[in-house]
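Written below as structure tokens is the structure these notes are about.
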Amino acid sequence: MAVQLAVADDFDSSETRAPARSGAATRPRRIPRHTGVVLASSVAEVVDCLGGWIFDRTLAGCETIVFTPTPGDTRALAILGAKTADYGDIPVVPGWCDSFGVLAVSAAMYEADQLAGEAVDARRSDGTNRTYLWGERPGAGSGREFAVITPHQVSLAGQAFKRQALAAAGLPVDRQSAAELLWSEPGSR
């Protein structure tokens, strides 16, 4: 029996393939990894706000790359299965993130950083890619509205790994929630 995992409706069934029937004379198929990018101001911030979501995406076979201005100690992200990169390595060209299936940007970075803001706005106007903001409610007072999508319910395994990641990031482990909020598209739901 095949099992399908879905994480916050982040990927389509066309991005995964069912295993070939046993005994079938076919060559092994490569299952493409669904890649998402997270932009955050710090490792601690992303672990605190999206740690369970990142782990659950990893468990579902997705790859997540977290860009931060000063990566520093990235053990917490490694616990969650995320890769890390320096924010300064992002190419300053339009469309740099078009090939990624998911882009999740800290709401504070979206409002304060030109590169992050332009990436989110371009992807939202395109309408073909999943783009999320996370953290404090975005757009307060700026005229930009985002609706809350259904909170991501972190799996039990995700909660356990997030606790370990919070500890590695030097954050209190007792304040974590079983749900993490992502903000999306204009309007209200």
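The values are calculated or read from the model by the stated rules, or taken from the named source; none is laboratory data. For clarity, every value in this text was computed on a predicted model and none was experimentally measured. All Cβ positions, glycine included, derive from the backbone under ideal geometry; neighbour counts span all protein chains shown. Side chains are part of the model used for accessible areas, which takes the heavy atoms of the whole protein and leaves out ligands, DNA and RNA. Shrake-Rupley method; radii C 1.70, N 1.55, O 1.52, S 1.80 Å.
Return a yes/no flag: does segment 40-57 have any residue that is within 19 Å of Gly117 (Cα to Cα), of a type in the set (S, T, N, Q) and modelled with pLDDT under 95.
yes
Looking at (1) modelled with pLDDT of 90 or more; (2) surrounded by 19 or more Cβ atoms within 10 Å (Cβ to Cβ); (3) not in a helix (DSSP H, G or I), which is the only condition Lys162 fails?
If we test Lys162 against (1) modelled with pLDDT of 90 or more; (2) surrounded by 19 or more Cβ atoms within 10 Å (Cβ to Cβ); (3) not in a helix (DSSP H, G or I), just (3) comes out false.
Give me a count of the residues in segment 101-126 that are within 13 Å of Trp183 (Cβ to Cβ) and among the charged types (D, E, K, R).
2
Considering segment 77-91 alone, what residues qualify as being open to solvent by 20 Å² or more (accessible area, probe 1.4 Å), farther than 9 Å from Phe67 by Cα and part of a helix (DSSP H, G or I)?
Selection gives Ala78, Ile79.
Filter segment 66-103 for residues that are among the charged types (D, E, K, R) and more than 14 Å from the chain's Cα centre (by Cα) and give the result.
Asp73, Arg75, Asp86, Asp89, Asp98 - these are the residues of segment 66-103 that are among the charged types (D, E, K, R) and more than 14 Å from the chain's Cα centre (by Cα).
Six or more apart or on different chains, Cβ under 8 Å: which pairs go from a residue in segment 74-88 that's among the aliphatic types (A, V, I, L, M) to one that's in a loop (DSSP other than H, G, I, E, B)? Could you list them?
These pairs meet every condition: Ala76/Ala169; Ala85/Pro71.
Between a residue in segment 36-51 that is of a type in the set (D, E, K, R) and any residue that is surrounded by fewer than 24 Cβ atoms within 10 Å (Cβ to Cβ) and assigned to a loop (DSSP other than H, G, I, E, B), which pairs come within a Cβ distance under 6 Å, given they are 6 or more apart or on different chains?
Hits for this filter: Asp48/Leu171.
Of the residues that make up segment 61-70, is at least one of a type in the set (Val, Ile, Thr), closer than 14 Å to Ala40 by Cα and modelled with pLDDT under 90?
Yes, there is a match, as at least one residue in segment 61-70 is of a type in the set (Val, Ile, Thr), closer than 14 Å to Ala40 by Cα and modelled with pLDDT under 90.
Please go through segment 65-76 and give me each residue that is crowded, with 24+ Cβ neighbours inside 10 Å and closer than 18 Å to His34 by Cβ, ordered by number.
Val66
Can you name the residue in segment 51-76 that is assigned to a loop (DSSP other than H, G, I, E, B) and hydrophobic (A, V, I, L, M, F, W, C) and, of all such residues, is nearest to Val105 (Cα to Cα)?
Here the residue is Cys62.
Which one is farthest from Pro91 (Cα to Cα) among residues in segment 37-64 that are surrounded by fewer than 24 Cβ atoms within 10 Å (Cβ to Cβ) and among the small types (Gly, Ala, Ser)?
Ala60
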